């Protein structure tokens, strides 16, 4: 699924976890809004969720994820897997056009409508139209700098925003304690 709508980046580095996203909302080739917030905190701030794709679809997914987290409060991978199974098997959910990135203190996960629950081995995950640009920048910065996780997210998203027309540089960056 090619989501042309945003860039969400998560970096786990030096014991820190940060997630950031740009604020652009595009409808076709038109920028409808430049300051959207595409990152949410769940479970009393212990979990960060970033979304790319159709906003209404992403909010529906986040609500379902939150319900799964209540069923499995200490097990993010299990909650994400249950969401992915439901998303893949439910006729209405299958049509949702979004992806979500989910992090807690121990896990970084990509959850997609094809049933994928992927945990990157290097702690760096990006989704959305500018995701590959941000991912490449973050991996280079993780390897060759002493920046914090939040600083890497900011720099990488700025790079993605300078390349991808569906990504701007109006950023929201959140960190887990």
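Nothing in this text is a laboratory measurement; each read-out follows from the coordinates by a stated rule. The structure displayed is predicted, hence computed values, not measured ones. Every residue, glycine among them, receives a Cβ derived from its backbone with ideal geometry; neighbour counts consider all protein chains shown.
Which shape class applies to the range 1-104: rounded if a/c is under 1.5, otherwise prolate when a/b exceeds b/c and oblate if not, where a ≥ b ≥ c are the square roots of the Cα gyration tensor eigenvalues?
Because a/c hits 1.5 or more and a/b fails to exceed b/c, the range 1-104 counts as oblate.
Please report the relative contact order for the chain, taking Cα pairs under 8 Å with a sequence separation of at least 6, and give it as a percent rounded to a whole number.
With pairs under 8 Å counted, the relative contact order is 34 percent.
Which residue fluctuates the most in the chain, going by a Gaussian network model with Cα springs under 10 Å, if the choices are 26, 121, 162?
121
Once you order the gyration tensor axes a ≥ b ≥ c over the Cα atoms, which shape class does the chain get: rounded for a/c under 1.5, otherwise prolate or oblate by comparing a/b with b/c?
oblate
At residue 59 and residue 145, where each label point lies 7 Å from the Cα along Cα→Cβ, what is the point-to-point distance in nanometres?
3.4
Given an 8 Å cut-off on Cα distances and at least 6 residues of separation, report the relative contact order of the range 100-163 as a percent.
It rounds to 24 percent for the range 100-163.
For the chain, with a Gaussian network of springs between Cα atoms less than 10 Å apart, report the residue from 74, 138, 160 with the top mean-square fluctuation.
Sorting by GNM fluctuation, first place goes to 74.
Out of 16, 29, 119, any idea which swings most in a Gaussian network model of the chain, alpha carbons joined below 10 Å?
For the chain, modelled as a Gaussian network with Cα springs under 10 Å, the answer is 29.
Treat each spin label as a single point 7 Å out from the Cα along the C-beta direction, and report the residue 86 to residue 74 distance in nm.
In this crude spin-label approximation the distance works out to 2.2 nm.
Sorting 165, 103 on the 10 Å Cβ count, fewest up front, what's the list?
Going from least to most buried by this count: 165, 103.
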